[in-house]
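Please read the structure below before turning to the comments.
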Number of protein chains: 2
Amino acid sequence: MLQHPPAEPGMREEEIDTPALVLDLDAFEHNLDTMAALLAPTGTKLRAHAKTHKSAVVALAQMRRGAVGQCVQKVAEAEALAWGGVPDILVSNEVIAPRKLARLAALSSIAKVAVCVDDAAGIAAVEQAAEAAGIRMTTLVEIDIGGGRCGVEPGPPAVALAERIAASPHLIFGGLQAYHGSAQHRRTPEERHAAIAFAAEGTRRTVEQCRQRGLECAIVGGAGTGTFALEAASGVWTEIQAGSYAFMDADYGRNQDPPPFRHALFVLAQVMSAPRPGIAVVDAGHKAVAVDSGLPLVHGFPGTLYTGASDEHGTLKGEGLPRLGEKVRLIPGHCDPTVDRYDWYVGVRKGRVECLWPIAARGGMA
Amino acid sequence: MLQHPPAEPGMREEEIDTPALVLDLDAFEHNLDTMAALLAPTGTKLRAHAKTHKSAVVALAQMRRGAVGQCVQKVAEAEALAWGGVPDILVSNEVIAPRKLARLAALSSIAKVAVCVDDAAGIAAVEQAAEAAGIRMTTLVEIDIGGGRCGVEPGPPAVALAERIAASPHLIFGGLQAYHGSAQHRRTPEERHAAIAFAAEGTRRTVEQCRQRGLECAIVGGAGTGTFALEAASGVWTEIQAGSYAFMDADYGRNQDPPPFRHALFVLAQVMSAPRPGIAVVDAGHKAVAVDSGLPLVHGFPGTLYTGASDEHGTLKGEGLPRLGEKVRLIPGHCDPTVDRYDWYVGVRKGRVECLWPIAARGGMA
């Protein structure tokens, strides 16, 4: 069941029902403008990752500033974006279930769609779905450039899959998916440089070996908010897939030399119990704010720490605590899974609710 | 947006789209029957906690086996239950926002509702809402019996709040909320005994002091799946608020002398990448299965460990791994927040989908 919107346009921020997902529109727009300005001189395009925001409204705001399309991880996310008017969507992930591939192929009448593979069996599955739908599906080969998760090895194993795709009458070889996830959160610039230098070597080698076989990599996609400047400067990647930059979470803030974005996404919470001196309990626990990358920070209360999350409660301790009934902005440790718990963004500017945007792909896991 | 159901009745389990929340109906019914049988000789009633299941369908199944009502943590959960036919609902939590209290009071025309307080300001807020709605709201005093979160101190501070409630023409004093959350997961029986013995002393003392002032505690509620046998045997509590017993998660399974319930709730996931020997990647990361109480277990694959969760991926390593395309049941580390990520239960019996139940209070945080 869709939850009621927690606010109405025109309300003051203090009137928003809690917990709520609040988007500071000035900071959000600053982040979008900053990314566009940083990428412009590099010539590298932005294909922002919708796994973060799950919203066609946010996607189109990114595209109005020059993003060439969107990435998603799930077919349900691709559906929400395509139905919301996003014209160019890459599933930056493997999809092997026939039902899901049929749904993806069905979107191709309203949007450009593409998908990744890392196995010959995966290619066969995409091929069958494309043939059944009477389309040619653009298919990228994912390579493992250090993340150690999905992806075939760079070089000959990747080229073999690319040739298999190019030989199919139902597929179009689209290029390479080359994302180093774990590099994003390495704390020092030196560690991030080393990881992306390694990734760039394998990616460049694979692009060249494809070219030697007559296969052009139209897209070489990868990078996230923690490392995108390195990929953009490398000359290897054509598209940057950053997502978190739009919102900027607490964990990226812990990187040394952090990316130049502002915290734009908050969970607004209310102190609903303050039973003893030195403690305040808010109505936002780990069902309301993701804790997989650390506990949230308390915005504007420098002496206050969010020290523990249970299902529906967050415990604040420290100095200068908010009072019973007071509302506070929490900065999520990790934006992506926090957004995925909500049905609505409450857009706020200068203390007033300006807009409500649906999180149409919330819970879209399939 | 409500997500499509991932299955249809009659399908084989292997046909369910992934990730999906699968309820093993035989195990679920066993758990409900077991709890009813364990509590019957103690005379202690069950008011099962709907924070776990978020579903009127599950609530009514519990009530058909003798549960006297349901607990919730949030007004949105109370709404979903009342609208789904649950007649008796206790918000086992403080609610101080006027908008929320007005919504709760509005439910009293279709269900018996009650709420907790731990502060005089909270009582005043409930009183205003009840007066505005023209009802008398049953109000319990929450006491802190060792959990260290919400709740006033046992004894005189609690009695003072009880007297304040009883003196109000708009409120009815309903008793005590006495839940020791952190005791549920203490690993040894000795630790759990000690915690509940401490909790029982403070609770009994408060009940007696209320009685000395002429205030009867009609409800003395508390306990969870980890300790309920202790509270039920104590003679202090009148109602047990266990929730997880219906599903039984991996973390409760790690208690020494664990509660006698079967794992009934699973996240069905599919291997969507198997790029190297010794690794299989499933399509269920921490957006699909909560990791706040540890990573999930892989059911039926004794040599396989779920070693890491990213947003949309889970990494399996070990011996005898499932193959690319194969579907596996994951046992969540923590059921409550896992359920809260899904719109549908897929009820399965003997390998077939028997029913689909909506998780009507999914995301109901307000």
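The values are calculated or read from the model by the stated rules, or taken from the named source; none is laboratory data. Everything numeric in this text was worked out from a predicted model, so none of it was measured. Every residue, glycine among them, receives a Cβ derived from its backbone with ideal geometry; neighbour counts consider all protein chains shown.
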Q: Kindly provide the set of residues from segment B:74-96 that are farther than 19 Å from A:Lys287 by Cα, free of Cβ contacts under 8 Å to residues at least 40 places away in the same chain and either within 11 Å of chain A (Cβ to nearest Cβ) or part of a loop (DSSP other than H, G, I, E, B) (or both), ordered by number.
A: B:Gly85, B:Val86, B:Pro87, B:Ile96
Q | Subset tally (residues that are under 11 Å from B:Tyr345 (Cα atoms), facing chain A (nearest Cβ under 10 Å) and touching a helix residue (DSSP H, G or I) at 6+ places or on another chain (Cβ under 9 Å)) for segment B:7-20 | A | 0
Q. Which members of segment A:176-192 meet the condition of being surrounded by fewer than 18 Cβ atoms within 10 Å (Cβ to Cβ) and either among the charged types (D, E, K, R) or touching a residue at least 60 places away in the same chain (Cβ under 8 Å) (or both)?
A. A:Arg187, A:Thr188, A:Pro189, A:Glu190, A:Glu191
Q.
Between B:Ile145, B:Ile135, B:Ile123, which is at pLDDT 95 or above, surrounded by 24 or more Cβ atoms within 10 Å (Cβ to Cβ), in contact with a Ser or Thr (Cβ under 8 Å, 6 or more places away or on another chain) and more than 10 Å from chain A (Cβ to nearest Cβ)?
A. B:Ile145
**Q.** Count of residues meeting criterion [surrounded by fewer than 21 Cβ atoms within 10 Å (Cβ to Cβ) and in contact (Cβ under 8 Å) with a residue 60 or more places away in the chain] in segment B:193-205
**A.** 0
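Please go through segment A:30-53 and give me each residue that is more than 14 Å from chain B (Cβ to nearest Cβ), touching a residue at least 24 places away in the same chain (Cβ under 8 Å) and either small (Gly, Ala, Ser) or in a strand (DSSP E or B) (or both), ordered by number.
Scanning segment A:30-53 gives A:Ala36, A:Ala40, A:Lys45, A:Leu46, A:Arg47, A:Ala48.
Right, A:Val267: closer than 28 Å to A:Leu330 by Cβ and surrounded by fewer than 24 Cβ atoms within 10 Å (Cβ to Cβ) or not? Please lay out each step first, then the result.
Details: closer than 28 Å to A:Leu330 by Cβ: yes; surrounded by fewer than 24 Cβ atoms within 10 Å (Cβ to Cβ): no.
For A:Val267, the condition - closer than 28 Å to A:Leu330 by Cβ and surrounded by fewer than 24 Cβ atoms within 10 Å (Cβ to Cβ) - is not met.
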Q: Could you please let me know if A:Gln62 is crowded, with 16+ Cβ neighbours inside 10 Å and closer than 30 Å to B:Ala20 by Cα?
A: no
(Q) Tell me yes or no: at least one residue of segment B:226-249 is within 30 Å of A:Ile96 (Cα to Cα), part of a loop (DSSP other than H, G, I, E, B) and of a type in the set (A, V, I, L, M). (A) no
Q | Unmet requirement for A:Lys112, which otherwise passes all of (1) more than 14 Å from chain B (Cβ to nearest Cβ); (2) over 21 Å from A:Ala218 (Cα atoms); (3) of a type in the set (Lys, Arg) | A | (2)
Q: Given the conditions (1) in contact with a strand residue (DSSP E or B) (Cβ under 8 Å, 6 or more places away or on another chain); (2) exposed (fewer than 14 other Cβ atoms within 10 Å of the Cβ), report the number of the one that A:Asp33 does not fulfil.
A: (1)
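Just to be sure I understand, how many residues within segment A:107-124 are small (Gly, Ala, Ser) and in contact with an Asp or Glu (Cβ under 9 Å, 6 or more places away or on another chain)?
As a first pass, look at segment A:107-124 and keep what is small (Gly, Ala, Ser): A:108-109, A:111, A:114, A:120-122, A:124.
Add one more test, that the residue is in contact with an Asp or Glu (Cβ under 9 Å, 6 or more places away or on another chain), and what stays is A:111, A:114, A:122.
Final tally of qualifying residues: 3.
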Q: Looking at (1) farther than 18 Å from A:Ala80 by Cβ; (2) in a helix (DSSP H, G or I), find the lone condition where A:Val57 falls short.
A: (1)
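Every residue, every condition in (1) of a type in the set (A, V, I, L, M, F, W, C); (2) touching a Leu at 6+ places or on another chain (Cβ under 8 Å); (3) crowded, with 18+ Cβ neighbours inside 10 Å; (4) closer than 19 Å to B:Ala97 by Cβ, yes or no:
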position: A:Pro277; (1), (2), (3), (4): no, no, no, no
position: A:Ala284; (1), (2), (3), (4): yes, yes, yes, yes
position: A:Leu305; (1), (2), (3), (4): yes, yes, no, no
position: A:Glu319; (1), (2), (3), (4): no, no, no, no
position: A:Leu330; (1), (2), (3), (4): yes, yes, yes, yes
Q: Tell me which residues, restricted to segment B:227-249, are within 18 Å of B:Pro19 (Cα to Cα) and either without any contact (Cβ under 8 Å) to a residue 24 or more places away in the chain or out of contact with any His (no Cβ under 7 Å at 6 or more places or on another chain) (or both).
A: B:Phe247
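Assigned to a helix (DSSP H, G or I) and charged (D, E, K, R): is that true of B:Glu216 in this structure? Step through it out loud before you land on a result.
Details: assigned to a helix (DSSP H, G or I): no; charged (D, E, K, R): yes.
No: the conditions fail for B:Glu216.
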Q: Among the numbered conditions (1) among the small types (Gly, Ala, Ser); (2) in contact with a helix residue (DSSP H, G or I) (Cβ under 8 Å, 6 or more places away or on another chain); (3) away from chain B (no Cβ under 14 Å), tell me where A:Ala56 comes up short.
A: (3)
Q | Any hit, segment B:60-72, residues being in contact (Cβ under 8 Å) with a residue 60 or more places away in the chain, more than 9 Å from every other protein chain (Cβ to nearest Cβ) and assigned to a helix (DSSP H, G or I) | A | yes
**Q.** Looking only at segment A:158-177, and only at residues there that are within 14 Å of another protein chain (Cβ to nearest Cβ) and under 28 Å from the mean Cα position of the chain (by Cα), the one that is nearest to B:His313 (Cα to Cα)
**A.** A:Gln177
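Considering only strands (runs of 3 or more DSSP E) fully contained in segment A:252-366, which possess at least 1 residues that are facing chain B (nearest Cβ under 7 Å), of a type outside the set (A, V, I, L, M, F, W, C) and out of contact with any Ser or Thr (no Cβ under 8 Å at 6 or more places or on another chain)?
On the way: elements: A:265-273, A:279-282, A:304-309, A:314-318, A:327-331, A:344-349, A:352-358.
Strands (runs of 3 or more DSSP E) meeting the threshold: A:265-273.
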